[in-house]
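Structure, as structure tokens:
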There are 2 protein chains.
Amino acid sequence: MSEEKRFDVVFKGAGTASGKMRNDISVEFSTMEESFELATDEGAFHGGEGSAPPPLALLTAALIGCIMTQIRAFSKRLDIPIGEIKVNATLHWEGRQNGLGPYVAAPVGFSLDVDLDSSASDGDQRRLLDAAKAGCFIQQTLKRGIEVSHRLKTSNGWQDA
Amino acid sequence: MSEEKRFDVVFKGAGTASGKMRNDISVEFSTMEESFELATDEGAFHGGEGSAPPPLALLTAALIGCIMTQIRAFSKRLDIPIGEIKVNATLHWEGRQNGLGPYVAAPVGFSLDVDLDSSASDGDQRRLLDAAKAGCFIQQTLKRGIEVSHRLKTSNGWQDA
């Protein structure tokens, strides 16, 4: 029996506010010493200038990209052939608001339609998709759930918040 | 007492594979009829060409952008002033792998350090951060958890998978 290996994947990000609603965000893939300059903005309806995609567009692309990457990576490892794969996603949330106060957000349902364009049997295609789901960092995070921890810079220094 | 309003937020995405590991992803903010062209890729270590950020970099930016956007939006609604806000994030996952098979992913911990650069009291700053956390679609999704549903295109058409 082969030994289990364990590895860490750590991303760090630093965001600063610019423009009306734009955020400039430097992301560092610490594990690989790679870095990326990203940004979010909002459309005019939400007080922004549309200079970058909104955060939820980045999340939608991240979820699709994550499962597609694992499908392609694990296709080789499992020797299950794929063709020109396509993934369509729908991410649905709701907000609830009393009067003009801040609203409260909640997920309603996320779904993915996966076309592997594969000559493999349906069973092998399912096996590949199952492996990709299990190996997709974003899907496993959504599935298990995680409470993001916060610290706030206060008059007494950094405090849990 | 004011009446509760409810609204939907729906994003759709369509991903196609290109390059070695690159994914081109069209994202549509259905609710607003806005669309965005995004992409993910991997570095050479993971078999990619580094032509776009990896999916987890998009997620990191999405999480930071989401909380910053809500802080700025709710600052006005709650009349709690903020300055040049800065948010630093660390997203930590682990993978576990037996031999050369597909690995299994899991979140370890996500944390955000929030500097509101505000003249408001510590209590008001906490109240603003609490509202932003409750209104951040991504944080609420992570907190509650959600099982992504899948359909696979099989020899018998689209099937749940």
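Quick look at the values:
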item	result
Filter pass, A:S26 being part of a loop (DSSP other than H, G, I, E, B) and touching a residue at least 12 places away in the same chain (Cβ under 8 Å)	no
Single match in B:I64, B:I71 (criterion: β-branched (V, I, T), under 30 Å from A:L152 (Cα atoms) and out of contact with any Gly (no Cβ under 8 Å at 6 or more places or on another chain))	B:I71
Residue list for region B:29-48, restricted to those being more than 17 Å from B:A14 (Cα to Cα) and touching an Asp or Glu at 6+ places or on another chain (Cβ under 6 Å)	B:G43, B:G48
Residues satisfying the stated conditions in region B:1-23, i.e. in contact (Cβ under 8 Å) with a residue 12 or more places away in the chain and either in a loop (DSSP other than H, G, I, E, B) or touching a helix residue (DSSP H, G or I) at 6+ places or on another chain (Cβ under 7 Å) (or both)	B:D8, B:V9, B:V10, B:F11, B:K12, B:G13, B:G19, B:K20, B:M21, B:N23
Filtered residues of region B:76-106 (kept if buried (at least 20 other Cβ atoms within 10 Å of the Cβ) and either more than 30 Å from A:G99 (Cα to Cα) or among the hydroxyl-bearing types (S, T, Y) (or both))	B:A89, B:L91, B:W93, B:P102, B:Y103, B:A105
Test: residue in region A:56-67 that is crowded, with 16+ Cβ neighbours inside 10 Å, modelled with pLDDT of 95 or more, of a type in the set (V, I, T) and not assigned by TED's automatic domain parsing to the domain that holds A:P102	no
Subset of region A:27-61 [at positive phi and out of contact with any Gly (no Cβ under 8 Å at 6 or more places or on another chain)]	A:E33, A:G47
Index of the failed condition, A:T31 passing every other in (1) of a type in the set (S, T, Y); (2) surrounded by fewer than 16 Cβ atoms within 10 Å (Cβ to Cβ); (3) assigned to a strand (DSSP E or B)	(3)
Among residues of region A:78-99, those that are over 17 Å from the mean Cα position of the chain (by Cα), free of Cβ contacts under 8 Å to residues at least 40 places away in the same chain and not in a loop (DSSP other than H, G, I, E, B), counted	6
One residue from B:D24, B:D8 being modelled with pLDDT of 95 or more and at the interface with another protein chain (Cβ under 7 Å from one of its Cβ atoms)	B:D8
Search result, residues across region B:43-75 that are outside any helix (DSSP H, G or I), more than 7 Å from every other protein chain (Cβ to nearest Cβ) and free of Cβ contacts under 8 Å to residues at least 12 places away in the same chain	B:G50
Any hit, region B:34-51, residues being touching a helix residue (DSSP H, G or I) at 6+ places or on another chain (Cβ under 9 Å), among the β-branched types (V, I, T), buried (at least 23 other Cβ atoms within 10 Å of the Cβ) and over 24 Å from A:G47 (Cβ atoms)	yes
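Table: residues versus (1) more than 7 Å from chain B (Cβ to nearest Cβ); (2) outside any strand (DSSP E or B).
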site	(1), (2)
A:P102	no, yes
A:P107	no, no
A:S111	no, no
A:S118	yes, yes
A:D124	yes, yes
A:L128	yes, yes
A:Q139	no, yes
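The values are calculated or read from the model by the stated rules, or taken from the named source; none is laboratory data. All of these numbers come straight from a predicted model, not from anything done at the bench. For neighbour counting, all protein chains shown are included, and Cβ atoms are generated from backbone atoms with ideal geometry for every residue, glycine included.
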